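The values are calculated or read from the model by the stated rules, or taken from the named source; none is laboratory data. Model, not experiment: these values are computed from the prediction. FYI the Cβ positions are ideal-geometry reconstructions off the backbone, even for glycines, and counts take in every protein chain you see. Side chains are part of the model used for accessible areas, which takes the heavy atoms of the whole protein and leaves out ligands, DNA and RNA. Shrake-Rupley method; radii C 1.70, N 1.55, O 1.52, S 1.80 Å.
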Amino acid sequence: MITFLKRYSTSAIGAAAVLASVSIAGVYISQETVSNLVSSSAQQRVQGFVRYLHETDGAMDALLTGISRNPDLETEVRAVALASGIANFTVFDLHGHPEFSLKSEAHTWLLRERPGGINGLDQLSQVAVEREGQWTETVRVGGGERLVISPVERNGLRLGFVSVVPDMQGVREQAAHVVGFAVAGLIAVLVIAAGVPGLIYMRRKWRIEQADEHIQFLANHDTLTKLLNRKRIEEDAARILATCRATRERLAVWALDIQGLGDVNKSVSQEGGDELLRVVADRLMHVIDRNDLVARTSADDFMIVQRNLRGRNDVEALARRIRQEVEVPVTIEGITLTPRLCMGVSLVPEHGRTIVQLFQHAELALLVHKSSKQGDFVLFEPSMDEEANRRRTIERRMREALEHEQFELFYQPIVCAGEKRILGFESLIRLPDGQGGYIPPSVFIPIAEARGYIKAIGDWVLREATRQIALWPEDLFISVNLSAVQFRDGDLVSIVRDALAASGIAGHRLEIEVVESLLLDRSNAILEQLQELKKLGVSIAMDDFGTGYSSLGYLWRFPFDKLKIDQSFMIAFEQGEANIRQIVSTIVSLGHHMNLKVVTEGIETAEQAVMLSEIGCDQLQGYLFGKPVAAERVAGELLASLSARVAERDDRTADVATALEAAS
């Protein structure tokens, strides 16, 4: 503010304007002070006029001497006086007597006697006349007017005195303009002074709001796809559901899953998998209606809340749109991918009264669709809830068994078809149910695969099977079933190598079994891992041959050592199905031509064993030779007694064969 005052202190008017402006800003300035400053402005005008009289040769002489008065010079003096904003002036001689007045009116002002002041009616006081040097005196007269009196000198010689009456109205008007201008300037300065911090404050506030919005977005949305997250869609859906009870609006809750996203991440990259998720999310946003909700709820899962449902036809129509518009090929990193979706649906009000129930039921229907893959979607049914409770119980039991190593391995013998001696065992996993019984693998294995436990279970089976076979005679091998999940992470070879090293057995004592469906997808990656396993000496068997695609291309491309004919052929043989012997004989012949051993599962009768021996099957496995039993029952003496029983059955098989020959 001091700098601001200095800037406008070149004149009294400027100072007055500043002070007046400061008073606006909240600092009180008295009216007397402002009035004095206005008078100071008038005094400056008078001083300018006096300087003119000082400097203009003959001006005072013309005014003091009536005889030698120059009309032209007097006219000029009058013009200068008016231009200087002077209402009237009077010229006095050296004795203080008035000699000339701009206006022909009597001097009616009264000057009071005071130190250095002026006294008298029509002439200056003696004190003023005798006052030396150059001075200026301002006095107030009647009517509020102010007079400015000053001696007039030239070259150090006093010529007389002049009394000036400034035009105060003009001064006040000009002062008002200056004050107004100054006020406007000050306001502008205040605006700027307040505006810069204001702008800083507004920018900071905007950035805080932006940060808050970003935090809110992160709290309510999936950062990858920009869709709602599970928390937000549940909250919004709960609000919608609350109004549905009054409006009777019907809803459908969808649970969707992208099949094989893990394989996509392997075939392209993690970034490529993320791009596929974004593509699916964008397509879902274009498929749904404006009032519907869509969210990404987990790695490869989405939820949709479909509003204003008129009936099941609307559900089927949305499913068709999803199939037509979402399941469209897309090229990512040079690879063409087609997203495939499994979908489960629950309806309001049929399938639940709360959002939690509806979401759970939609996810149960999704699990059914993932396992069956029948139709465009699966609609929830109450029986699925019972199945879900059963699955949750089994899942909980699996977690406990993994944590406390409570799984068990049973072993079923595999015998030589010709000599009927034991060659090895197939390891079969069992899950104790905690009540003295076991949960069948056909029940818990699919749940383990769906819930992500199968890899841990498979790793445990490899370690336990190799550990156990190391305790038995060296001429025996152990066969282990592998899940497709165990091939996905690419670490299977190292897991098998570690298991062999830990048990101290050679690779040829381990045989792994894979199902044909494993080879349908990612065949190159599977092939590389199988070839690496072969380098360890491990044997590879194709399990359940004859029940899948049975493509001959798999047999020559993949490094198989053995074919396992599925037990369904023996069941069909027992039921008298035609041509079973010929079909099995063809498979055995095919295997032998490709230098593969052939083993048949499910042998339960001597007739089956005889038939398989006659057509040249290499190995046999089934209840006829022994049921799966725990490891403690497969001791040395059991192996010996089992070999004896196999020999006895061989004799019985020979008798049966003789009887059959005689009958024919």
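Here are the numbers:
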item	result
Within segment 300-317, tally of residues that are of a type in the set (A, V, I, L, M, F, W, C), out of contact with any helix residue (DSSP H, G or I) (no Cβ under 6 Å at 6 or more places or on another chain) and within 24 Å of Leu224 (Cα to Cα)	2
Considering residues of segment 574-590 that are open to solvent by 40 Å² or more (accessible area, probe 1.4 Å) and within 60 Å of the chain's Cα centre (by Cα) only, the residue farthest from Val610 (Cα to Cα)	Leu590
Residues that are part of a loop (DSSP other than H, G, I, E, B) and either without any contact (Cβ under 8 Å) to a residue 24 or more places away in the chain or touching a helix residue (DSSP H, G or I) at 6+ places or on another chain (Cβ under 6 Å) (or both), drawn from segment 603-623	Ile603, Ile615, Gly616, Cys617, Tyr623
Which listed residue is in contact with a helix residue (DSSP H, G or I) (Cβ under 7 Å, 6 or more places away or on another chain), in a helix (DSSP H, G or I), touching a residue at least 24 places away in the same chain (Cβ under 8 Å) and of a type in the set (A, V, I, L, M, F, W, C), from Val480, Val496	Val496
Answer residue from segment 301-310, given it is of a type outside the set (Asp, Glu) and within 25 Å of Arg278 (Cβ to Cβ) and is surrounded by the fewest Cβ atoms within 10 Å (Cβ to Cβ) among those	Arg307
The one condition in (1) open to solvent by 60 Å² or more (accessible area, probe 1.4 Å); (2) closer than 22 Å to His361 by Cβ that Met285 fails to fulfil	(2)
Residue check for Ile322: in a helix (DSSP H, G or I) and either buried (at least 22 other Cβ atoms within 10 Å of the Cβ) or of a type in the set (A, V, I, L, M, F, W, C) (or both)	yes
Odd one out for Met570 among (1) within 30 Å of Arg557 (Cβ to Cβ); (2) part of a loop (DSSP other than H, G, I, E, B)	(2)
Neighbours by Cβ (under 9 Å, 6+ apart or cross-chain): first from segment 369-381, at positive phi; second outside any loop (DSSP other than H, G, I, E, B)	Lys373/Cys342; Gly375/Ala319; Gly375/His369
In segment 234-262, residue least open to solvent (accessible area, probe 1.4 Å) [restricted to those that are within 21 Å of Asn313 (Cα to Cα) and among the basic types (Lys, Arg)]	Arg250
Filter result for Asn313 (among the polar types (S, T, N, Q) and either open to solvent by less than 20 Å² (accessible area, probe 1.4 Å) or on the phi > 0 side of the Ramachandran plot (or both))	no
Only listed residue being open to solvent by 60 Å² or more (accessible area, probe 1.4 Å) and either under 29 Å from Arg278 (Cβ atoms) or within 32 Å of the chain's Cα centre (by Cα) (or both), chosen from Arg396, Arg340, Arg390	Arg340
Contacts under 9 angstrom Cβ, first residue in segment 388-417 being over 30 Å from Phe625 (Cα atoms), partner of a type in the set (S, T, N, Q) and not in a helix (DSSP H, G or I), 6 or more apart	Arg397/Gln406; Glu400/Gln406
Test result for Arg421, without any contact (Cβ under 8 Å) to a residue 24 or more places away in the chain, of a type in the set (Lys, Arg) and open to solvent by 10 Å² or more (accessible area, probe 1.4 Å)	no
Of all residues making up segment 436-483, the number that are among the hydrophobic types (A, V, I, L, M, F, W, C), open to solvent by 20 Å² or more (accessible area, probe 1.4 Å) and out of contact with any Asp or Glu (no Cβ under 8 Å at 6 or more places or on another chain)	7
Failed item in (1) buried (at least 20 other Cβ atoms within 10 Å of the Cβ); (2) of a type in the set (Ser, Thr, Tyr); (3) in a helix (DSSP H, G or I), with Ser427 passing the rest	(3)
Scan of segment 525-556 for residues that are open to solvent by 50 Å² or more (accessible area, probe 1.4 Å), more than 30 Å from Ala572 (Cβ to Cβ) and modelled with pLDDT under 90, ordered by number	Glu528
Cross-chain or 6+ apart pairs with Cβ under 6 Å, segment 355-366 first and open to solvent by less than 10 Å² (accessible area, probe 1.4 Å), then part of a helix (DSSP H, G or I)	none
Selection count where residues are surrounded by fewer than 17 Cβ atoms within 10 Å (Cβ to Cβ) and either under 42 Å from the mean Cα position of the chain (by Cα) or not in a helix (DSSP H, G or I) (or both), scope segment 499-510	2
Matching residues in segment 77-96 - criterion: being of a type outside the set (A, V, I, L, M) and surrounded by 15 or more Cβ atoms within 10 Å (Cβ to Cβ)	Ser84, Gly85, Asn88, Phe89, Thr90, Phe92, Asp93, Gly96
Residues that are surrounded by fewer than 21 Cβ atoms within 10 Å (Cβ to Cβ) and in contact (Cβ under 8 Å) with a residue 24 or more places away in the chain, drawn from segment 343-354	Pro349, Thr354
Unique match (being modelled with pLDDT under 85, closer than 20 Å to Met60 by Cα, open to solvent by 20 Å² or more (accessible area, probe 1.4 Å) and assigned to a strand (DSSP E or B)) among Leu159, Leu147	Leu159
Entirely in segment 211-304, the helices (runs of 4 or more DSSP H) that have 3 or more residues that are more than 19 Å from the chain's Cα centre (by Cα) and over 24 Å from Val326 (Cα atoms)	230-247
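Quick grid of which residues meet (1) more than 17 Å from Ala281 (Cβ to Cβ); (2) touching a helix residue (DSSP H, G or I) at 6+ places or on another chain (Cβ under 8 Å); (3) at pLDDT 85 or above:
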position: Ala211; (1), (2), (3): yes, no, no
position: Gln216; (1), (2), (3): yes, no, no
position: Asn220; (1), (2), (3): no, yes, yes
position: Ala242; (1), (2), (3): yes, no, yes
position: Ala246; (1), (2), (3): yes, no, no
